[in-house]
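The values are calculated or read from the model by the stated rules, or taken from the named source; none is laboratory data. These figures come from a predicted structure and were not determined experimentally. Heads up, the Cβs are rebuilt from the backbone with ideal geometry, glycines too, and the neighbour counts pull from every protein chain shown. Note: accessible area is taken over every heavy atom of the protein model, side chains too, but ligands, DNA and RNA are not part of it. Shrake-Rupley method; radii C 1.70, N 1.55, O 1.52, S 1.80 Å.
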Amino acid sequence: MGPFGIRWIAEHGPCVAGRSFSDRQVAGPFAAWEHRHRFEPHANGTTTLIDDVRYELPGGWIALPARPFARRELERLFAYRQRVTAVDLGWHRRYGGRPMKVAVTGATGLIGSALVPFLLSGGHEVVPLRRASAKGPGGDVPSWDPETGTLAATVADGLDAVVHLAGENIAGGRWTAARKARIRDSRVNGTRHLAEALAALAEPPRTLVVASAIGFYGDRGDDVLDETSAAGEGFLPEVCQAWEEAASPAREAGIRVVHLRIGIVLTPAGGALGQMLFPFRMGVGGVIGSGRQYMSWVALDDVLGGVLHALRTEDLAGAVNIVAPNPVTNREFTKTLGRVLRRPTIFPLPAFGARLAFGEMADALLLASTRVEPARLRSDGFAFGYPDLEGVLRHVLGRTGR
C-alpha cells in the first residue's frame, strides 16, 4: 500500500514439470490465498497460460470497499507475469539450439537472480557459482573461490559457458578509499582469477561473458558513444578498463570473451529505479543537477536477452553496449517517471546537494552524462523488447492499463 509492504510467505505444492505448479499463502496480506499456475497445450501447437486464484481479503465485510482495488492489483500482477513469460519464450525461440551448461557468478544479484531462472526456462543447465564456503540445502554446493579462481569439479565438467556478474555494489555507499578498493579488487582480481582458472581447464568453456558497465566512457556530455569510443577519465573508467583487461588469460587461451557494457538497468527490484521509486511515489521527486545529463538505460528483460545473444552468437567478441537505443536526459526521465506514476516532479536535487549527500559518487553516477548507442547489437539485428522509456516503465511498474 503506497510505499509500505507486507511480507508474503508462500508454500509451493504439487508441480508437474513444464505444465503446472501451485502455491498457498502461509502468511501475508490475504485472509486466504490459493493459486494454481498451468500451461494447457492445444492440438494446433499453441498453448494457453492459465492462473486460477482463490483469495479472501482480511476483515470480512469491512473489506468490501477494498475488493475492486484488490482485483485491479491482481490483474496488473498477472498481466505482468504473462508479458514476461511471452517475452522470455520469444527470446528462447529466437536463440534455440542445443541446451548449454552455463555457470553464473553473482547469481543472487540484481541481474543474476533474474538470469538464472530465465536460462532455466530455456532448457539450459545453470550452475550458480557461490563462494567456496557457501552451503546449500543439501550441504556443499558447486562453488568457486574468487580469491584464487578455484572451481569445483562439478562446475568444470562439461561447461559450455560462464557468465561473470559478481562484484561489489558500486552504489552501495559513499566512496571511501576502502570502498573504492573493494569495488576495484572485486571486479579486477575476481575476473582475472576466474579467467586464469578457466584457461587452465583441460576442456575450457567456449565462451566467457563478463559484465562491464557504461561507466567505461565516463562523463562525455552530449557526445554519442559506441563500442569504438575511447575510455573516459576518472575512477569508474579506470576500473572498467582494468576489469575488461583482466579477462585476457581466457582470451589468450582461445575462449571467446564478451564484455557487456551495461547501462542503467530498469527494474523496481533494485538499482537506480528501485531507489527512485519511494521519493517519486511520495511526490517529492525531481531532476538531478541541471537535468541535461544523458541517462543510457535498459530494461532488465533486454539485459537477459542480451546475455543470451552473447552466449549464442559465435562470432561476437569484445565490447558490447547493453543499452536501449533511445537514451534520454535526466529531465526527460524525470518527467516520464512522474507521468507513469501520476505524481508531480517539482522537487529538484541540486548538484551541490547531490555531492553533499553522496560525495564523489554523485559526480560519477548522478551528474555524469553518458549518451551510449548499442551499435553492435543493432548491427546484429538484435530486437529490443522495450526500446521506449515510457513503455518499459509502464511494463515494470504495472501501469499498462487493463
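Tell me which helices (runs of 4 or more DSSP H) are completely within segment 342-402 and hold 1 or more residues being at pLDDT 95 or above and buried (at least 19 other Cβ atoms within 10 Å of the Cβ), or say none if there are none.
Correct list: 375-379, 389-396.
Are any of the residues in segment 255-266 in a loop (DSSP other than H, G, I, E, B), of a type outside the set (Ser, Thr, Tyr), farther than 26 Å from LEU389 by Cα and in contact (Cβ under 8 Å) with a residue 24 or more places away in the chain?
yes
Which residues, counting only those in segment 181-217, are in a helix (DSSP H, G or I) and touching a Cys at 6+ places or on another chain (Cβ under 6 Å)?
Once the filter is applied, which keeps residues that are in a helix (DSSP H, G or I) and touching a Cys at 6+ places or on another chain (Cβ under 6 Å), segment 181-217 yields GLY215, PHE216.
Residues of segment 346-362 being of a type in the set (Phe, Trp, Tyr) and either closer than 22 Å to GLY218 by Cβ or in contact with a Pro (Cβ under 6 Å, 6 or more places away or on another chain) (or both), which ones?
Hits for segment 346-362 are PHE352, PHE358.
So PHE216 clears everything in (1) at pLDDT 95 or above; (2) surrounded by fewer than 18 Cβ atoms within 10 Å (Cβ to Cβ) except one condition, right? Which one?
Status for PHE216: all satisfied but (2).
Provide a single number: the residues in segment 275-312 that are of a type in the set (Val, Ile, Thr), open to solvent by 10 Å² or more (accessible area, probe 1.4 Å) and part of a helix (DSSP H, G or I).
0
For segment 228-241, state whether one or more residues are in contact (Cβ under 8 Å) with a residue 60 or more places away in the chain, part of a helix (DSSP H, G or I) and touching a Ser or Thr at 6+ places or on another chain (Cβ under 8 Å).
no
Only one of (1) under 16 Å from GLU244 (Cα atoms); (2) touching a Lys or Arg at 6+ places or on another chain (Cβ under 7 Å) fails for ARG206. Which number is that?
For ARG206, the exception is condition (1).
State which residue pairs qualify: first residue without any contact (Cβ under 8 Å) to a residue 40 or more places away in the chain and inside segment 357-380, second residue part of a strand (DSSP E or B) in any location, beta carbons under 9 Å apart, and separation of 6 or more residues or different chains.
Short answer, once both residue conditions are applied: ALA357/LEU349; ALA362/ILE288.
Quickly run through segment 38-86 and pick out the residues that are without any contact (Cβ under 8 Å) to a residue 40 or more places away in the chain and of a type in the set (A, V, I, L, M).
ALA43, LEU49, ILE50, VAL53, LEU57, ILE62, ALA63, LEU64, ALA66, ALA70, LEU74, ALA86
Give the residue, chosen from VAL298, VAL258, VAL307, VAL265, that is over 12 Å from the mean Cα position of the chain (by Cα) and β-branched (Val, Ile, Thr).
VAL258
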